[in-house]
Each structure stands twice: as structure tokens, then as C-alpha cells.
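What follows is a single structure, written as C-alpha cells, with notes after it.
The values are calculated or read from the model by the stated rules, or taken from the named source; none is laboratory data. If you're wondering where the values come from, they're calculated on a predicted model, not measured in any experiment. Don't worry about glycine lacking a Cβ; one is built from the backbone with ideal geometry, like all the others, and counts go over all protein chains shown.
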Amino acid sequence: MTKHVSLIRIFSFLLCVLCSFLAGAEDSGEAAEEFFQEGYVLYQQYSGTRSLEKFRAAAELGHTEAAYYAGNIIRQDYTYITKESENYYRQAAEGGDVYAMLRLAQGSSVCGTLRECDYDRDAWLERAMKTALPMAKAGDTEAMMALSSAYAIKGDPSADFEWVKRAAENGHAFAQYWMAVMLGQQKRGFYWTNAGRSADVLNWLRESAEQGFPKAMLKLALELRKIGQHQEAQYWVEKMGKTDYYDAILESGTAIMLGPDAATLYGQNSDYGFAEPRPVKGAALLLALHRQTGKKAPLEMIEAYQDHLTPEMMAEAEALSKELLVDKPILHYLPKFGI
């Protein structure tokens, strides 16, 4: 009987220890994710130093993607992979982050002037492809995009293009935007006519924009303006002003404020075809953008139009601005595997 009671007590003790461990692990995971999210917002606001502190804290708690971004910021600061950035990339790679593997697979230009990368870059490239390929074939669009980057590093532009296209066809918003860039700016793919190429650029941008990707909204509005499709362009100008993308909000606020006066100030190609200026609404959006970011450009847009803005208009815009972009971090939508 005594032996039975002892076993129960031991079991209860072990159960308590296990529960405490699991609770601690859960708390640690939640803290890591919180640090990561805070760091990611700062990173998307070009605040590398402050975001690095958050990413380091998350990485120390085992957050894989935070380790990748920590490595990335350090590499960007030095313009090459240092030992510290390599260690963070290795941590992320061991956690399954394909882009970390690809950083370790990149050419000698990222190793610094002494070329001291003492690891097998080809092996990392092979590992990245072996990791991403099964997931991509199973329909994982993020893996498809990672695989496209792997083929780009490998020097296979056809496969690179094909995997971006597959991701786009499967609904990946950034891939759809990137297809437009590849077709339009990079002139990838074969077309019999420029009209056919341009039509596909617009179609991919529309698909991405309709999913809410603000970089696509902005690019689509600009492309439509260029070819005189003002009605649809105006729709996206209005839409992108409600996003959290800095460049889109700046363009939207300026276009709404100026209306047809954009042609007078900046040339005919700057006109979205609005029937009249809406100085209060546009200036309010620009004031809110300045409030949230501290950047000068929104105020410079207002200053360029100040001859048309009465004190009453500015007072009204100031009041309205307090209702706009409230508690909304303004981002720049930097790609994960960018520069």
C-alpha cells in the first residue's frame, strides 16, 4: 500500500514538472513571437537597429524566422556575411528556413573582401532545393517562391520564372505582383506583341491588388494612368489610400488633394483624371501619414500646393487627419529575400 502511494506521489510530481515545462515552453514561444512581430514592424519601417534587438531576443528564444532576419540585418550593415550573421543564418536554416539556406548558398560577393566563408555553398543550395521542392510540389506557394530564388542562384532563369508563375497561378499575391515586374520591367517570357505583354502585366497586377496587396495597387494605378484608363486608376487610388503601405498612401493623398491640378504642377502624365481637387481629404491623409511616420515628403506635397489651400481648409484637414491611420503602423513591404 505504501509502495502504491509512493508511486502515485512520484507520478504526480513528474506530471507537475511536465506541466510546468510545457507552460514555460508555451510562454517562451509566445514571447518569441511577440518579439518577432515587434521587430518585423520596425524592420518594415527601415528601423534596422531597433528591429535587430527584437529579432535577437526572439532568436534567443528559438524563433527561426527571427534568426533569419537578425542575420540579414547584420549582413546588410556590413554588406557581407560576418561570423555573427552566419551563425544566425545557420540557426534559421537548421530550423527549416529555406531563405536562410539560400543566403548561405549565395556567391562569394557576400563573403567580404577576404572571402572567408568557410562553408560549402553548393551544399546549402542543394539542401534548400531538397527542402523546398517537396513542399512546392504539394502546393505550398511560399515554398514555390523560395524555390524560384534557389533556381535564380543556381543560374536557371527559366525554372526561376516557372516557379514564380506557378505560385502566382496558385494565388500568391506577391508572386502575382512579381510576375508583373518580371514581364513588364525585366521583359521575361516570350510575347508576339507588346500589347499582349502589357495586358498580362495588368492582369497579374489586378489579381494581386484584388487580394489586397498594396504594392500591386500602387503599380496598377500608375500603369492604368499611363495608358489613360483613368476610371479604374481612380478606383485604385482611393483603395490604396486605406492601406498601410507608405508609398501608396503618399501617392493617394497627393492625387486626391491635387485632382486635375496635378497636370499643372507635375505634367500631364501625373493626372489621374479626377474631375476636381479634394484638398481637405487629400491633405488630411498626408498629414496623418506624416504624423505616423515623421517623414517630410507628405508635408512637401502639401507645401507644393499651398497656394490653393486656405487656412480654413488646412484647419479642416488637420481635424480630419486625427481620424485617419490611427494605430496603424505604416510599412514599406520589403521582401524577405531582397537586397
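To keep it simple, each residue is scored yes or no on (1) more than 16 Å from the chain's Cα centre (by Cα); (2) surrounded by 15 or more Cβ atoms within 10 Å (Cβ to Cβ).
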| residue | (1), (2) |
| --- | --- |
| 150 | yes, yes |
| 163 | yes, yes |
| 166 | yes, yes |
| 176 | no, yes |
| 181 | no, yes |
| 194 | yes, no |
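Restricting 242, 219 to those that are out of contact with any strand residue (DSSP E or B) (no Cβ under 8 Å at 6 or more places or on another chain) and surrounded by fewer than 17 Cβ atoms within 10 Å (Cβ to Cβ) reduces the list to 242.
Residue-by-condition table, conditions (1) modelled with pLDDT of 95 or more; (2) of a type in the set (A, V, I, L, M); (3) under 30 Å from residue 125 (Cβ atoms); (4) in contact with a strand residue (DSSP E or B) (Cβ under 8 Å, 6 or more places away or on another chain):
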| position | (1), (2), (3), (4) |
| --- | --- |
| 20 | no, no, no, no |
| 33 | yes, no, yes, no |
| 41 | yes, yes, no, yes |
| 63 | yes, no, yes, no |
| 69 | yes, no, yes, no |
| 79 | no, no, yes, no |
| 83 | no, no, yes, no |
| 91 | yes, no, yes, no |
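From the set of residues in the stretch 259-307 that are part of a loop (DSSP other than H, G, I, E, B) and touching a residue at least 40 places away in the same chain (Cβ under 8 Å), which is surrounded by the most Cβ atoms within 10 Å (Cβ to Cβ)?
So the first thing to find is which residues in the stretch 259-307 are part of a loop (DSSP other than H, G, I, E, B), and the list is 259-260, 267, 271-278, 294-296, 305.
Adding the requirement that they be touching a residue at least 40 places away in the same chain (Cβ under 8 Å) leaves 271-274, 295, 305.
Numbers: 271: 21, 272: 23, 273: 18, 274: 21, 295: 13, 305: 19.
Step by step, filter the stretch 259-307, then rank; the result is 272.
Of the residues that make up the stretch 300-314, is at least one among the small types (Gly, Ala, Ser) and under 30 Å from residue 180 (Cα atoms)? No - not one qualifying residue is present in the stretch 300-314.
Would you tally the residues in the stretch 121-136 being over 14 Å from residue 104 (Cα atoms), under 24 Å from the mean Cα position of the chain (by Cα) and not polar (S, T, N, Q)? Full working, then the answer.
Let us first name the residues in the stretch 121-136 that are over 14 Å from residue 104 (Cα atoms), namely 130-136.
Now restrict to residues that are under 24 Å from the mean Cα position of the chain (by Cα): 131-133, 135-136.
Cutting the leftovers down to not polar (S, T, N, Q) gives us 132-133, 135-136.
So the answer is 4.
In the stretch 312-335, the residues that are among the β-branched types (Val, Ile, Thr) reach residues that are modelled with pLDDT of 95 or more with C-beta atoms within less than 6 angstrom, at least six apart or across chains, in these pairs: 330/244; 330/246; 330/292; 330/293.
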